Protein chains: 2
Amino acid sequence: MSNKPSLAVVGATGAVGTVMLNILSKRENVYGEIRLIASAKSAGKKLTCRGEELTVVALSPEAFEGIDIAMFDVPDEVSKEWAPIAASNGAVVVDNSGAFRMDKDVPLVVPEVNPQEIKNRPKGIISNPNCTTLSMIVAMGALHKEYGLKELVVASYQAASGAGQGGLDILREQINLVANKSLGDEAGDIRKVVKDFGPFSDPLALNVIPWAGSLKEDGYSSEELKVRNESRKILGLADLKVSATCVRVPVLTTHSLAVHAIFDKEVSRSVAQEVLRNAAGVELVDDPENYKFPTPVDVVGTDPTWVGRVRRSLDDPNAIDLFVCGDNLRKGAALNTAQIAELVAAEF
Amino acid sequence: MSNKPSLAVVGATGAVGTVMLNILSKRENVYGEIRLIASAKSAGKKLTCRGEELTVVALSPEAFEGIDIAMFDVPDEVSKEWAPIAASNGAVVVDNSGAFRMDKDVPLVVPEVNPQEIKNRPKGIISNPNCTTLSMIVAMGALHKEYGLKELVVASYQAASGAGQGGLDILREQINLVANKSLGDEAGDIRKVVKDFGPFSDPLALNVIPWAGSLKEDGYSSEELKVRNESRKILGLADLKVSATCVRVPVLTTHSLAVHAIFDKEVSRSVAQEVLRNAAGVELVDDPENYKFPTPVDVVGTDPTWVGRVRRSLDDPNAIDLFVCGDNLRKGAALNTAQIAELVAAEF
């Protein structure tokens, strides 16, 4: 590394941005200047990163002057407009929105799975996958290398913070409302006290909601299609069969997934456990005899993809069932973005 | 019906027993005497059923004298000992424990799916399926009749009350403990205030736990094997392929399941929706355009199996993905038991 690149964090004040500043403060210091960028209404706000107080600047073409790498965590339409502007100003953009993930000229990168793809960036943009895909893909990539992945059937247990700070705030508010009340024995009970659903369609406290994202064709949610399309692109398996049902659960942060994975070859539980135990970025916690498996309350705030409940399917010698947890704001968003940016930073 | 049979409710004071008394008070009155039976420590307790105050009597051989039908909702080992005693006293036993479900001389009955099986009861015992199986099987039975079921991949979202009154109580207590606190951003945060896990291995408030039941071979939980073995027996499909991952979620009552079902024939989303719309005991709520799908807070306290998110799998024309909810204390336990008992009562 001859020269430390400068970094912009766009969307610095959001749920993922907040985690990003924390991550940047704790990982190896590979950057020169760090500039915080957000919408005009957050400009002037002061935030701490690497122990320094930084003042947030408003998003503008000038904000990218002198920036080598720009991380974006903003809504799709903001990325769509501003990532190309940052790129044309000379920054390599690492974008965490859905705007460019399926663009064939934009690589979709998970450093443990396909780091080589960062070089293929004709637009100067690299995409970071969706948090749900990211919560399982490191583990599935490791098993794919061993056995050759053919099909995934996935059911998700997605945390409130997957819908941003508004999701976190509303779940906390709803938990406060339902506490110390005798509710929940009759249909609609919870609705007597929970009236504001925030970014969700229904109460989330003491409930699960089988929906995440926007409506796509044939009854699918955007989140379900992302799991399918992004898994295919990251693993380089254009024909991978994927069925996903995405469900929001009353967890603050950390997505979990129950995965049924079918491979080209016969699998063994102990070999699969060994593969996962040795995989970079994966922690295996699979000791059901002692009731040890990953759960969100112990995964939140940590970096790895946590895997447990590894079983060979009883009726298919080529299939594995497992349960996986990942902090959706860290590996599912900020951490993976930071890891990609560090790969780019190593080019300087 | 020439004569109203007498009924015993064994385990009348538990979570399911409480719902049972409510159900017996609201459904058609097909019984003569109703006798409430529980453990010696609950004897003498007074409970209301059909508007009458009844005094709980202690479990003993004499307690079954003059009883035509006995419903049991007690732990496996209590059923194992006492159901044969009740049967030898002349009662037809409808048992909701796991003690007899896989006994080839005991039918496992879901009235909407295999009502004819109640006649085949050489031991005088009829078993009621596990709540997780019951939460989906009416819907799957209807689709099986249309398309021929080949395989199920299931991930569950199981409510606290599936672990009994102790499960309900501990979730309520934990919700009260985490309310109005800034917790959940770091691993182990929730454990600072939640120390008592009740029947669970980990905190359940603001968490999900990938475990239900006891440890069986090869890393499986008893609950996962029940879903497989009971689905096979109820549907009469000895070779049905079933993969299940059972997960507890912070919902008070109502189990949900994400189901990937593979059939012998090509499926159509609209035909599957029509089949479910017309199926006895099923309510279809499948209007994602208006964010309408079943969720536990609106299903609790109701009788049907609620189905939504019906989709044809994108990569398998023979497969359907859907989301199903059922009140685990009603259809998942007390209601199905009551329905079986009513089929028996019609013989009198």
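The values are calculated or read from the model by the stated rules, or taken from the named source; none is laboratory data. If you're wondering where the values come from, they're calculated on a predicted model, not measured in any experiment. Every residue, glycine among them, receives a Cβ derived from its backbone with ideal geometry; neighbour counts consider all protein chains shown. These area figures cover heavy atoms from the full protein model, side chains too; ligands, DNA and RNA do not enter into them. Shrake-Rupley method; radii C 1.70, N 1.55, O 1.52, S 1.80 Å.
A 1.4 Å probe run over the protein chains yields, for chain A, 35 Å² of accessible area per residue, whole-number rounding. Taking chain B as a Gaussian network of alpha-carbon nodes connected by springs under 10 Å, the highest mean-square fluctuation of the residues B:LEU177, B:LEU314, B:LEU134 belongs to B:LEU314.
Summing Cβ point charges (Lys, Arg +1; Asp, Glu -1) relative to the Cα centre of chain B gives a dipole of roughly 240 debye. Projected label points at B:GLU33 and B:GLU52, each 7 Å from Cα along the beta carbon direction, are separated by 0.9 nanometres. Springs join every pair of Cα atoms under 10 Å in this Gaussian network model of chain A, and among A:ASN290, A:ASN29, A:ASN120 the largest mean-square fluctuation is at A:ASN290.
Of all the options A:GLY44, A:GLY124, A:GLY308, the one that moves most in a Gaussian network model of chain A with Cα springs shorter than 10 angstrom is A:GLY44.
In Å², nearest 100, what accessible area do chains B and A bury in total when the solvent probe is 1.4 Å?
What B and A bury together is about 6400 Å².
Per-atom-type breakdown for chain B gives carbon and sulfur 48% of the accessible area (1.4 Å probe, protein chains only). All distinct Cα pairs of the stretch A:92-157 go into the 1/r average, and the inverse of that average, the Kirkwood radius, is 12.8 Å. Each Cα pair of the stretch B:69-118 feeds into the Kirkwood radius, which the Stokes-Einstein equation turns, at 4 °C and 1.567 mPa s, into a diffusion coefficient of 115 µm²/s.
Copy-to-copy label distances for A:LYS292, where each label lies 7 Å from Cα along Cα-to-Cβ, are 4.9 nm in order of increasing length.
Position B:GLU53: other-copy label points at 7.0 nm, ordered by increasing distance, label point 7 Å along Cα→C-beta.
Of the residues B:LYS145, B:LYS226, A:LYS181, B:LYS265, the one with the largest accessible area comes first in the ranking B:LYS145, B:LYS265, A:LYS181, B:LYS226, computed with a 1.4 Å probe on protein heavy atoms. Roughly how big is the protein assembly as shown's charge dipole about its Cα centre, with Cβ charges of +1 (Lys, Arg) and -1 (Asp, Glu), in debye to the nearest 20? Its charge dipole is roughly 360 debye.
Given R₀ = 56 Å, what would the calculated FRET efficiency be for B:LYS104 paired with A:ASN3, taking r from the Cβ atoms and rounding to 0.05? Efficiency, rounded to the nearest 0.05: 0.15. Rounded to the nearest 5, what % of the DSSP beta bridges within chain A are antiparallel ones? DSSP beta bridges in chain A are roughly 50 percent antiparallel.
Of the residues in the stretch A:157-191, those shielded by at least 50 Å² of accessible area once partner protein chains are present, compared with the chain alone at a 1.4 Å probe, are A:TYR157, A:ARG172, A:ILE175, A:ASN176, A:ASP185, A:ALA187. Size of the stretch B:135-246: Rg and Dmax of its alpha carbons, in Å, are 17.6, 52.
The charge dipole of the stretch B:1-83, taken about the Cα centre with unit charges on the Cβ atoms of Lys, Arg (+1) and Asp, Glu (-1), comes to about 320 debye, rounded to the nearest 20. Inter-copy label distances for A:LYS80: 6.2 nm (label point placed 7 Å from Cα along Cα→Cβ; shortest first). Comparing the full protein assembly with the isolated chain, the residues of the stretch A:233-250 losing at least 20 square angstrom of accessible surface (1.4 Å probe) are A:LYS241, A:SER243, A:THR245, A:VAL247, A:PRO250.
For the protein assembly as shown, what proportion of DSSP beta bridges, expressed in % and rounded to the nearest 5, is antiparallel?
Antiparallel bridges: around 50 percent, rounded to the nearest 5.
Each stretch of four or more DSSP H residues adds -39500 (n - 2.57); spread over every residue of chain A, this sum gives -8500 deg cm²/dmol at 222 nm.
The lysine pair tally for the stretch A:1-138, using Cα distances under 27 Å and a gap of 8 or more places or different chains, is 16.
Taking all Cα-Cα distances within the stretch B:1-96, those exceeding 17 Å account for 44%. Shown for the stretch A:311-340: residues covered by the partner protein chains by 40 Å² or more of accessible area relative to the chain by itself (probe radius 1.4 Å), namely A:ARG311, A:LEU314, A:ASP315, A:PHE323. Binning the alpha carbon pair distances of chain B at 20 angstrom intervals from zero yields the distribution 30, 57, 13, 0, expressed in whole percent. Fully extending the segment from B:GLU342 to B:GLU65, taken as 0.36 nm per residue of separation minus the present Cα-Cα distance, adds 97.7 nm.
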